[in-house]
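Participant: Below you will find the structure I want to go over with you.
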Amino acid sequence: MKEMVMIIRPEQLETLKGILDKLGCGGMTISSVMGCGAQKGTVQETGVTEIKGFKTTINLLPKIRVEAVVDDKIVDSVIAEVRDKMATDHVGDGKIFIRNIEDAIRIRTGERGKKAL
Ligand SMILES: Nc1ncnc2c1ncn2[C@@H]1O[C@H](COP(=O)(O)OP(=O)(O)OP(=O)(O)O)[C@@H](O)[C@H]1O
Ligand SMILES: [Mg+2]
């Protein structure tokens with residue numbers, strides 16, 4: 001099992017939910033966060049306004065964080081679909097971080113591992 005943490009543009013959430021549903025993801029947790037990447041949150045990152053001057057301060061832009069613990073088998077498909085449907089050619093499209101998950105437990109039934117997803 002892997003946890004996929006995907007930090008995306010808020011307007012892309014519905015697309016990502018559709019991708020995860022189609023690929024058989026068991027569940028997801030979503031939060032509203034603020035963040036910045038390589039551009040340090042400059043307005044250019046929105047892809048709307050051109051940056052006028054050099055900024056030295058870091059700004060944080062609103063993003064959506066989606067966490068999904070999934071079967072290893074679907075990880076590559078999620079990545080491919082996200083790249084295919086969500087890459088815009090503008091900076092700020094977001095990132096996917098992946099980590100190993102040792103175990104999962106469905107509290108209601110006691111099922112463990114992949115059966116609990
Ligand atoms: N190294 C990081 N650690 C934690 N969160 C990050 C990291 N990089 C990006 N993020 C999160 O992802 C969001 C989107 O990042 P973003 O897509 O701008 O990355 P980038 O490296 O600047 O790539 P790009 O050049 O395509 O914009 C950030 O606002 C932040 O919330
Ligand atoms: Mg960026």
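Participant: No solvent, one uniform scatterer per C-alpha: report log10 I(q)/I(0) for the stretch 2-116 via the Debye equation at q = 0.11, 0.20, 0.24 1/Å, two decimals.
Facilitator: The calculated log intensity ratios at q = 0.11, 0.20, 0.24 Å⁻¹ are -0.42, -1.07, -1.36.
Participant: For a 27 Å ceiling on Cα separation, which of these pairs sit above it: Lys2/Lys63; Lys63/Lys115; Lys85/Lys115; Lys73/Lys95?
Facilitator: From the list (Lys2/Lys63; Lys63/Lys115; Lys85/Lys115; Lys73/Lys95), the Cα-Cα distance tops 27 Å for Lys63/Lys115; Lys85/Lys115.
Participant: Below 20 Å, Cα to Cα, which aspartates and glutamates can Lys17 reach? Residues fewer than 8 away in the same chain don't count.
Facilitator: Here the aspartates and glutamates satisfying the reach criterion relative to Lys17 are Glu3, Glu67, Asp71, Asp72, Asp76, Glu81, Asp84, Asp93.
No lab work stands behind these numbers, since they all come straight from the coordinates. Remember, it's a predicted structure, so these values are computed and weren't measured experimentally.
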